[in-house]
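**Q** What follows is a structure written as structure tokens; I'll ask about it next.
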Amino acid sequence: MGLHLREGDDDLQENHEINVTPFIDVMLVLLIIFMVAAPLATVDVKVDLPAASAIPQPRPDKPLYLTVKEDHSLFLGDQPIARTQLGQALDQQTQAKKDTTIFFRADKHVEYAELMAVMNELRGAGYLKIGLVGLETVAPQ
């Protein structure tokens, strides 16, 4: 029940009701955004990456393997190498061809920080093509 008093010749009437339709529209859009974004915001991933089930790629005629053992020692092919000599040894093996793919493998107990340190050494030496080597497993059917 309402009371309407008319004062003067003003033809415009005041409406004292709030139009809530735009507010409901905004709330529904925000609800949809949060429903889509909420599953993306949760990170619940356990990482254990030593094996891969990808189709094996053909190997080059003479692959160059760089290996990091569990005790953090480096091997280029079969030969042990000091980390300070890595760039020079790679240049000797590849005849200074910086576009050669280096196949990088590491023991699964080597820390991630150590892997990144060796990869930074490779990048610092100018070798940007790095292939990560893992165990080949049978793909699930």
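The values are calculated or read from the model by the stated rules, or taken from the named source; none is laboratory data. Bear in mind the structure is a predicted one, so any value in this text is a computation, not a measurement. Heads up, the Cβs are rebuilt from the backbone with ideal geometry, glycines too, and the neighbour counts pull from every protein chain shown.
**Q** State yes or no: is Asp107 at pLDDT 80 or above, of a type in the set (D, E, K, R) and closer than 18 Å to Tyr127 by Cα?
**A** no
**Q** In region 92-141, how many are in contact with a strand residue (DSSP E or B) (Cβ under 6 Å, 6 or more places away or on another chain) and assigned to a loop (DSSP other than H, G, I, E, B)?
**A** Of the residues in region 92-141, 6 are in contact with a strand residue (DSSP E or B) (Cβ under 6 Å, 6 or more places away or on another chain) and assigned to a loop (DSSP other than H, G, I, E, B).
**Q** Tell me which residues, restricted to region 53-99, are modelled with pLDDT under 85 and β-branched (Val, Ile, Thr).
**A** Within region 53-99, just Ile55 meets the criteria.
**Q** Does region 73-86 contain any residue that is closer than 15 Å to Val133 by Cα, of a type outside the set (Val, Ile, Thr) and loosely packed, with under 10 Cβ neighbours inside 10 Å?
**A** No - not one qualifying residue is present in region 73-86.
**Q** Could you grab me the full set of residues in region 4-52 that are at pLDDT 65 or above, under 19 Å from the mean Cα position of the chain (by Cα) and surrounded by 10 or more Cβ atoms within 10 Å (Cβ to Cβ)?
**A** The answer is Ala51, Ala52.
**Q** Which pairs have Cβ atoms under 9 Å, sit 6 or more apart or on different chains, and link a residue in region 65-82 that is more than 15 Å from Ile102 (Cβ to Cβ) to one that is among the polar types (S, T, N, Q) and part of a strand (DSSP E or B)?
**A** Ser73/Thr67
**Q** Mind counting the residues in region 66-91 that are closer than 13 Å to Glu114 by Cβ and out of contact with any strand residue (DSSP E or B) (no Cβ under 8 Å at 6 or more places or on another chain)?
**A** 3
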